[in-house]
1. Can you tell me which residue among LEU100, LEU93 is surrounded by fewer than 16 Cβ atoms within 10 Å (Cβ to Cβ), modelled with pLDDT of 95 or more and not in a helix (DSSP H, G or I)?
2. So, of the residues in segment 73-90 that are over 11 Å from the mean Cα position of the chain (by Cα) and of a type in the set (D, E, K, R), which turns out to be surrounded by the most Cβ atoms within 10 Å (Cβ to Cβ)?
3. Identify all residues within segment 62-89 that are farther than 16 Å from ALA25 by Cβ and charged (D, E, K, R); write none if there are none.
4. Taking segment 35-69 on its own, how many of its residues are modelled with pLDDT of 95 or more and within 10 Å of the chain's Cα centre (by Cα)?
Amino acid sequence: MNRTSGKKDNRPEKFKIKVFGDDLAEIFLKAASEMNIEQAKKEDKELKSFLSGQWEEIHLEEKNRDELLANWLKKILALSKNGQKNYFNFSLLNFSETGLSAKISGQKNLLQNQTSHKLKLEEAKIKETGGKWEAEITLGQE
């Protein structure tokens, strides 16, 4: 990730995360985890302080795996923003290339009046190469 100092740029910063896995389900879990680690970094939070909270369920059906990954990550970001939580525990209950049922949990943001640097999903792409999976996720700041 390239960052420059000095002159302030009003455009949102964009950056990419790449995750790799042996199967498609692993990609979805790693993508969610990495995205939320980046969210915590943007908010200057200690990752080790996150404890498991109440589990919440997510159910999604989409046309293809790219849309499913994008909407999975968007749903987690929306829940994070609306519930003011950071999610770090993810469990897939049922999974296919076009649908999933999952449980997620995290910790409520305990600091009031904190500067928030919320992320938004720009793009999510999945590819398979030689039996291994890769996802590239582009995130920006709201």
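1. The conditions single out LEU93.
2. If we take residues in segment 73-90 being over 11 Å from the mean Cα position of the chain (by Cα) and of a type in the set (D, E, K, R), then LYS85 is surrounded by the most Cβ atoms within 10 Å (Cβ to Cβ).
3. Residues satisfying the conditions are LYS63, GLU67, LYS74, LYS75, LYS81, LYS85.
4. Matching residues across segment 35-69 total 1.
The values are calculated or read from the model by the stated rules, or taken from the named source; none is laboratory data. Treat the numbers as computed from the prediction; the structure is a model and nothing was measured. Neighbour counts run over all protein chains shown; Cβ positions are idealised from the backbone, glycine included.
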